[in-house]
Amino acid sequence: MKAKAEIRFFEQMGLLALAGTIMILTNMIGYKYTLVQSLQGYAVLGGIALAGVTISRFMSRFIKLPTMMYVSLTGLLLACPLSPFKEQVIAWANNFAFLAPATALGAFAGISLGKDMKNFGRMGVKLIAITVLVITGTFIMSAFVADQVLKYTGSV
Amino acid sequence: MESSIKGRLLRYWKVYAGALVLAVLSDMIGIVKFDIGIGTLTLFPMVFATIIGGLFGPDLLRLFDMKESGAAGAMVLVCLAPFMAKMGVGAGANLARLVEVGPALLLQEFGNLGTILISLPVALLLGLKKEAIGACYSINRDSNLGLTTDIYGPDAPETKGTFAVYIVGSVIGTVFMSLLASIVASWNVFHPLALAMASGVGSGSMMTAAAGTLAAIYPDYAEVIPVLGGASDMLTGITGIYMGTFIGLPLTTWLYNKLEPTVGRIFARNTINSNAGGEAE
């Protein structure tokens, strides 16, 4: 049991290194950070990712919550005002552009979605319509709630 | 233990090398902006990588076969983790500012859920199936993409819905938000400060576009609008993933299960081609 968990830990590490190679290239080519900065940035982000995934696997014995929530929460806790490592974590994470992981993500997602291109083409117009509706709905409802609260609390 | 990684590398080297080439090419193209008169369309490197990657898939140019396509899906999840880590660090670094924001800002985060009631019924009427859940439960920005992919898996119809709205939103988001902000402002029903908070519902660039438009419309509030928009954007970055996990997705799934049997039946009578759903394979 323990050996299996260990294998998965190293496997995850290998996969993160594989993904990281592309992300570091993106950070250098697309966002003009140096190699050292990029390595520092990925050391923090990849480390948090690995820790989050590992914690999630452990916690899933007790409660099933999305892995990405643990990853995000690990990052939040390490960078929050109470964290003793916050300066280092924030400084190194700042060496990695926000959208630097997105290009690799897009490339893999594209290859993965390659099996459904015809479907996407067929649904294209509908998906644009839905996107417009989703943005509109979110904006208007958010403005409505904010407006009500501002009036109720007498702020405006 | 390294052997499984090695095995994967040997079997799927084409996927990894392909993704690397795609990413480098897309980054060299960089961010492309089109001025279309009413605003600017923005194409991020990620969009190029996705589209070109898709063209090489088994459906069209066949450079990658079905199995390789599947291996790429597994890598999507791996790539999401550092992305979520970056968002988490951003949220943590801004945590102290949470205290400064008022109750209106906190509560308007719940307004973000309003889209479900409006967009889900329409999505079903348009003939979407489970894609509608992923497409409609949130405004589908970065953390939502991570969440849906994680919960349903990279090949699930729900994930395709989220991914589609994420991509389309990244292209038309800025131009559409500034258009929307000026239209809603012209109704004169919401206070300018409420609109300022609403401009933070999406990505950072959407917020900048909407807040910029609003600041031009309401010069008296020009200074405070971007501040509120930025605070709301930051707040969505912190709360988004929890909102989606605990409220957005359960609510959307519940509503889908209520509505789909009825709407789906009407739709099935109108068109024979139900293959456009997620169960393509």
Between the alpha-carbon centers of region B:5-68 and region B:77-99, tell me the distance in whole angstrom. 25
Among B:TRP187, B:TRP13, B:TRP254, which one moves the most in a GNM of chain B with springs linking Cα atoms closer than 10 Å? B:TRP187
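Once you order the gyration tensor axes a ≥ b ≥ c over the Cα atoms, which shape class does region A:52-156 get: rounded for a/c under 1.5, otherwise prolate or oblate by comparing a/b with b/c?
Oblate, since a/c reaches 1.5 and b/c is not below a/b.
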Quickly work out the B:LYS67-to-A:LYS64 label distance, labels modelled 7 Å from Cα along the C-beta direction, and quote it in nm with one decimal. 3.0
Out of the GluC sites (Glu not before Pro) in region B:67-115, which ones are loop residues according to DSSP with at most 12 other C-beta atoms within 10 Å? B:GLU100
Across all Cα atoms of the protein assembly as shown, Rg and the largest Cα-Cα distance (Dmax), in Å, are 21.2, 65
Fraction of alpha-carbon pairs over 16 Å apart in region A:2-98 - percent: 60
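Going by a ≥ b ≥ c, the root eigenvalues of the Cα gyration tensor, does chain B fall in the rounded group (a/c under 1.5), the prolate group (a/b larger than b/c) or the oblate group?
Values: a/c = 1.73, a/b = 1.38, b/c = 1.26.
Verdict is prolate for chain B.
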Just flag the trypsin sites (Lys or Arg not before Pro) in region B:13-116 sitting in loop per DSSP whose Cβ has no more than 11 other Cβ atoms within 10 Å. B:ARG62
In nanometres, the difference between 0.36 nm per residue of separation and the alpha-carbon distance of B:ILE266 and B:ILE183 is 26.5 nm
Let me confirm one metric for peptide B:105-118, namely the mean number of other chain beta-carbon atoms within 10 Å of its residues' beta-carbons. 6
Helix-derived mean residue ellipticity, 222 nm - over chain B, DSSP H n ≥ 4, -39500 (n - 2.57), to 500: -24000 deg cm²/dmol
Under 16 Å from the B:VAL21 label point (7 Å along Cα→beta-carbon), backbone N, region B:34-63: B:49-58, B:61-63
Region A:101-117 and region B:242-265 have their Cα centres apart by a whole-number Å value of 26
Which of B:GLY146, B:GLY37, B:GLY73 fluctuates most in a GNM of chain B (C-alpha springs under 10 Å)? That residue is B:GLY37
In order over region A:82-93: 3J(HN,Hα) from phi, Karplus 6.51/-1.76/1.60, θ = phi - 60°, whole Hz, x for each Gly or Pro, gives 7, 6, x, 9, 4, 4, 4, 4, 5, 4, 6, 5
Difference of contour (0.36 nm per residue) and Cα-Cα distance, B:LEU60 to B:PHE246: 63.1 nm
With springs only between Cα atoms under 10 Å, which of A:ASN27, A:ASN94, A:ASN119 fluctuates most in a Gaussian network model of chain A? A:ASN119
What angle, in degrees between 0 and 90 and rounded to the nearest 10, separates the Cα long axis of helix A:67-79 from the longest principal axis of the Cα atoms of chain A? 80
Using the Kyte-Doolittle scale, find the helices of chain B whose mean hydropathy is at least -1.0 and whose Cα atoms extend 24 Å or more along the helix's long axis, counting only whole DSSP H runs. B:2-29, B:66-93, B:157-187, B:224-243, B:249-270
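Calculated FRET efficiency, B:ALA222 and A:GLN88, Cβ-Cβ r, R0 41 Å, to nearest 0.05? Display every interim value, and only then the final one.
Working: r = 38 Å, r/R0 = 0.92.
According to the calculation, E is roughly 0.65.
No value in this document is a laboratory result; all are computed from the given coordinates. These numbers come from a predicted model, not from an experiment. Cβ atoms come from the backbone with ideal geometry, glycine included; neighbour counts cover every protein chain shown.
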